[in-house]
1. Could you grab me the full set of residues in the range 294-322 that are crowded, with 20+ Cβ neighbours inside 10 Å and either away from ligand 1 (no atom under 16 Å from the Cβ) or modelled with pLDDT under 95 (or both)?
2. Please work out if residue 298 is in contact (Cβ under 8 Å) with a residue 40 or more places away in the chain and farther than 24 Å from residue 127 by Cα.
3. Report whether or not residue 348 is within 19 Å of the chain's Cα centre (by Cα), part of a strand (DSSP E or B), within 14 Å of ligand 2 (Cβ to nearest atom) and at negative phi.
4. Among the listed residues 289, 285, which satisfies the condition of being part of a loop (DSSP other than H, G, I, E, B), within 21 Å of residue 352 (Cα to Cα) and either within 16 Å of ligand 2 (Cβ to nearest atom) or out of contact with any strand residue (DSSP E or B) (no Cβ under 9 Å at 6 or more places or on another chain) (or both)?
5. Look at the range 193-228 and say how many of its residues are buried (at least 16 other Cβ atoms within 10 Å of the Cβ) and within 13 Å of ligand 1 (Cβ to nearest atom).
6. Name the single residue, out of those in the range 228-240 being part of a helix (DSSP H, G or I) and either in contact (Cβ under 8 Å) with a residue 12 or more places away in the chain or touching a helix residue (DSSP H, G or I) at 6+ places or on another chain (Cβ under 8 Å) (or both), that is farthest from ligand 2 (Cβ to nearest atom).
7. May I ask you to list the residues in the range 174-207 that are under 23 Å from residue 147 (Cα atoms), in a helix (DSSP H, G or I) and away from ligand 2 (no atom under 16 Å from the Cβ)?
8. I'd like to verify a number: residues in the range 208-227 that are assigned to a strand (DSSP E or B) and within 15 Å of ligand 2 (Cβ to nearest atom), how many?
Ligand code: GLY
Ligand code: MN
């Protein structure tokens, strides 16, 4: 069954049709990366209305939906909805803006637009279970990310600023074949490494710093996500202890990550190790999140995850514990794990031994 057929089957009981317009879901269902286009799905038919800029590529690549050149969008939608006798339309409640919903209600007054989360939840669940082609794209994105790590190790020197290193890292990924960035690169040295989502700044690296890079390539519409912390010059005993504790927590999390496990329990395994080592209060974010077309997807390894939420075959979830000592330094280590048919596989290949530059 192709993805549009799956969407037809996932239409909520009370809905006659669904409209998909978010970049991410449009890509998921049509396979086309575009900044525009409306996918209209009924139980027995599907249409993809797309403007002139993308019509050629859409005709060549989109299967499972009739491709139509966009002219007067709302009139085209109205005609198709009427033709199929559709009244109630499900929307992407997690993506559509209030303004866009208002516009639908104004332009298509004969239809009712349902704001129930049913369709949105069903799509997120579908997207959480990656197929072979999605895993191949994530692997490719991660292989670029791993290769860029080897290159950046030669570039990092005292005196280089966070911005310079982030820029070179991004250049390396592009040169190695990335389509773009999976998200804004984090590159944080010294005291800045204690801020989990520090923005790269003008601070030059100094001897004795920890330096954290959290970055990833985008390839074929899919993201990768990796974090490594390296030392600039000889670290202190305390820095070594923090690094070894984070690494032990990360390995514990990965060991715990087997299909069927509760997502909350994976978080707890790594968190307990960090808190038990005396760092309670120094790990203030979740252990991990799913990765796919978006950098942050569901489910995640989190203390607030519903106890019934489990990791399932097909999911790709990060394991990224950290310890952050405010005003001093921080360490985070992040890999992506895939719940494959043959067990859990770590998709990240960069070394996690403490690297001293
Ligand atoms: N890699 C960025 C994040 O996970 O939030
Ligand atoms: Mn992450």
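1. Scanning the range 294-322 gives a single hit, 311.
2. Values: in contact (Cβ under 8 Å) with a residue 40 or more places away in the chain: yes; farther than 24 Å from residue 127 by Cα: no.
Judged against the criteria, residue 298 is not a match.
3. On the way: within 19 Å of the chain's Cα centre (by Cα): yes; part of a strand (DSSP E or B): no; within 14 Å of ligand 2 (Cβ to nearest atom): yes; at negative phi: yes.
No.
4. On the way: 289 fails: part of a loop (DSSP other than H, G, I, E, B).
After applying the criteria, what remains is 285.
5. 15
6. Let us first name the residues in the range 228-240 that are part of a helix (DSSP H, G or I), namely 237-240.
Now restrict to residues that are either in contact (Cβ under 8 Å) with a residue 12 or more places away in the chain or touching a helix residue (DSSP H, G or I) at 6+ places or on another chain (Cβ under 8 Å) (or both): 239-240.
On the way: 239: 22, 240: 24 Å.
Filtering first and then ranking leaves 240.
7. 174, 175
8. Our first condition is that a residue be assigned to a strand (DSSP E or B); within the range 208-227, this holds for 210-215, 217-219, 222-223, 226-227.
Then keep just the ones that are within 15 Å of ligand 2 (Cβ to nearest atom); that gives 212-215, 217-218, 222-223, 226-227.
Counting residues in the range 208-227 that are assigned to a strand (DSSP E or B) and within 15 Å of ligand 2 (Cβ to nearest atom) gives 10.
The values are calculated or read from the model by the stated rules, or taken from the named source; none is laboratory data. In this text, all values refer to a predicted model and were calculated from it rather than measured experimentally. For neighbour counting, all protein chains shown are included, and Cβ atoms are generated from backbone atoms with ideal geometry for every residue, glycine included.
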